[in-house]
Amino acid sequence: MERAEAYGFSAAMSGAFLLSCLLFAAINRRQRGPYMDEVFHVPQAQAYCHGRFLQWDPMITTLPGLYLVSVGVVKPATWLFGWTGSVVCSTGMLRFINLLFSAGNFYLLYLLLFKIHQKNKAVSGFQRLLSTLTLVMFPTLYFFTFLYYTDPGSVFFTLFAYLMCLYGNHKTSALLGFCGFMFRQTNIVWTVFCAGNVVAEKLNEAWKTELQKKKEERISSRKGSFSDLIRILKFLIEYIVSPKNLLTLVALTWPYIILVTMFFGFVFINGGIVVGDRSSHEACLHFPQLFYFLSFTVFFSFPHLLTPTKIRKFLLSLQKHPMQYSLIAIISVFLIWKFTYVHKYLLADNRHYTFYVWRKVFQRHELVKYLLVPVYIFAGWSFVDTLKSKSIFWILMYFVCLLAVTVPQKLLEFRYFILPFLLYRLNIPFPSLYRQLLELAFYIVVNAVTFYLFLNRTFQWPNSDEIQRFMW
């Protein structure tokens, strides 16, 4: 990092943290007590603060990583500063833990952008800082920085594990992956993603060697054709069934294999992936979740995905391959018809944005969910098109992980899309400065509206005296 960029990084990080602290103070003045899921998380953390580690709220579905880290931070701070009484492990103190995680995420996002795009000499330090600031302010993640939720910590350990993976520190990466798993069980998928990065790199090297042997060096130009996909899948199977290649991959990824084995042991002993209340978190094949994620990504990445050039390119592709797109449309309609699930929370809780998205869009008419198929197809095409700089094996690996983390979820919840979105956004090519500024401005506007609604547009339910607030 050059001196000017280092100064810029320090100023940007300090400014973002100061702004977050001011917003944090305003939110804590308005909402002093636990809100939403905090009514479970805060008492559980306070029990740990008082040494009651065997006490557990059966309504909590995640492992105790957040509470253990909170105690590990708060207890030394109380001894150091002499805090006593209600200050120790108060709601505000516990929420501040996530503000620290947010600062850590800023640093990790910058390092990841630097590592992933280090070969692109056209990317300036200012662009890296701008993208870092934009991703830190990603609305769905940024909002939960100010509440005592698992998301900022979950993102922190997952990004840290990914960074260590990219630097080849796989034992450290697996250990950090375990920490991420302790925050949210589904983060085991991103441990597989880290292992998949290693595997994809080896496969890509072997595939290039195979092409050179056959004097076919046009992989990048032919990567999108169906026949090439068949050839690649055939090569993939032949590579993996080779004992020598398999042993090489195991030797490279054994720390991740141990962690995944431990995960399956946990699932077997626990009787499922969820701890606590399982009735509201049943796994199912909810394939439309992938369509919702793609739409979510287009919405938050519209400066990159909704460009006139991309739309023209998509229409040309549609004109060139009508049969392929017709088949995709038919499969999409079938998946929506047979595998759409509506969680009871989605219909009952009018504090979440998803409630209004479902009611205003999907419940307008029975046919709406099918009429959106062209939007989903464009979103999927545009999504893949922005990843074309990555190897085909990386893309396949990422999509396997994306399916694994989204499809089993019955509840439409935007928080579940945070990590797959960030990993996607980190790996796409740097856009122009204009599009970066547009993206940042859009995030600022969305955040401003969200916090305004949360703080000022409160309401009450008829059967409750508690103040209710709108949120993601």
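For the range 12-140, what D do you get in µm² per second when you plug the Kirkwood radius from alpha-carbon pairs into Stokes-Einstein at 10 °C and 1.306 mPa s?
Working: Rh = 16.8 Å.
The Stokes-Einstein estimate is 94 µm²/s.
Within a straight-line Cα-Cα reach of under 23 Å, Lys360 can be paired with the following lysines, leaving aside sequence neighbours fewer than 8 residues apart in one chain: Lys338, Lys344, Lys369, Lys410. Rounded to the nearest 20, the Cβ-based charge dipole of the chain about its Cα centre (Lys and Arg +1, Asp and Glu -1) stands at 1140 debye. Of the three principal axes defined by the Cα atoms of the range 282-431, the extents in descending order read 42, 31, 26 Å.
For the range 228-338, the percent of C-alpha pairs falling in each 10 Å distance bin, counted from 0 to the bin holding the largest distance, reads 10, 18, 28, 30, 14, 0.
So for each of 267-277, 133-143, 283-293, 299-309 I average, over its residues, the number of other beta carbons within 10 Å; can you give me the resulting order with the highest mean first?
Working: 267-277: 13.4, 133-143: 22.3, 283-293: 19.6, 299-309: 15.9.
Packing proxy ranking, top to bottom: 133-143, 283-293, 299-309, 267-277.
By the Cβ rule of 4.7 Å, the chain holds the following cysteines without a possible disulfide partner: Cys21, Cys179, Cys284, Cys401.
Taking the Cα centre of the range 357-472 as origin and assigning +1 to Lys and Arg Cβ atoms and -1 to Asp and Glu Cβ atoms, the resulting dipole is close to 160 debye. When the trypsin sites (Lys or Arg not before Pro) in the range 20-63 are filtered for DSSP coil states and for at most 13 other beta-carbon atoms within 10 Å of their beta-carbon, the remaining sites are Arg32, Arg52. Among the chymotrypsin sites (Phe, Trp or Tyr not before Pro) within the range 1-73, those in coil by DSSP and having at most 12 neighbouring Cβ atoms inside 10 Å are Phe53. Our helix-only sum for the chain, with -39,500 (n - 2.57) per DSSP H run of n ≥ 4 divided by its residues, gives a mean residue ellipticity at 222 nm of -22500 deg cm²/dmol. Taking only the Cα atoms of the chain, the ratio Rg/Rh comes out at 0.96, with Rh defined as the Kirkwood radius. In a DSSP loop and with at most 11 other Cβ atoms within 10 Å, the trypsin sites (Lys or Arg not before Pro) in the range 84-148 are Lys119, Lys121.
By a 1.4 Å probe calculation restricted to protein chains, Cys21 has an accessible surface near 40 Å², given to the nearest 10. Put +1 on the Cβ of each Lys and Arg and -1 on the Cβ of each Asp and Glu in the range 282-431; which of Phe339, Val375, Ala404 then has its Cα farthest toward the positive end of the dipole? Positive-most Cα among the choices belongs to Val375.
Each residue of the range 28-41 was assigned a 3J(HN,Hα) from its phi angle through the Karplus expression (A = 6.51, B = -1.76, C = 1.60, θ = phi - 60°), giving 6, 5, 7, 10, 6, x, x, 10, 6, 5, 4, 5, 9, 5 Hz with x at Gly and Pro. Scanning the chain for GluC sites (Glu not before Pro) in DSSP loops with at most 16 neighbouring Cβ atoms within 10 Å leaves 3-215 as the longest stretch between them.
Amide H to amide H, with H built 1.01 Å from N, His343 comes under 5 Å of Leu412, counting only residues 5 or more places away or on other chains.
Calculate, in whole percent, how much of the Cα-Cα pair population of the range 106-171 lies beyond 17 Å. Before the final figure, lay out each step's value.
Working: 1015 of 2145 pairs.
Within the range 106-171, distances greater than 17 Å cover 47 percent of Cα pairs.
By a 1.4 Å probe calculation restricted to protein chains, Lys213 has an accessible surface near 150 Å², given to the nearest 10.
The values are calculated or read from the model by the stated rules, or taken from the named source; none is laboratory data. No experiment lies behind these values; they were computed from the predicted model shown. All Cβ positions, glycine included, derive from the backbone under ideal geometry; neighbour counts span all protein chains shown. Keep in mind that these areas ignore ligands, DNA and RNA; they rest on the heavy atoms of the full protein, side chains included. Shrake-Rupley method; radii C 1.70, N 1.55, O 1.52, S 1.80 Å.
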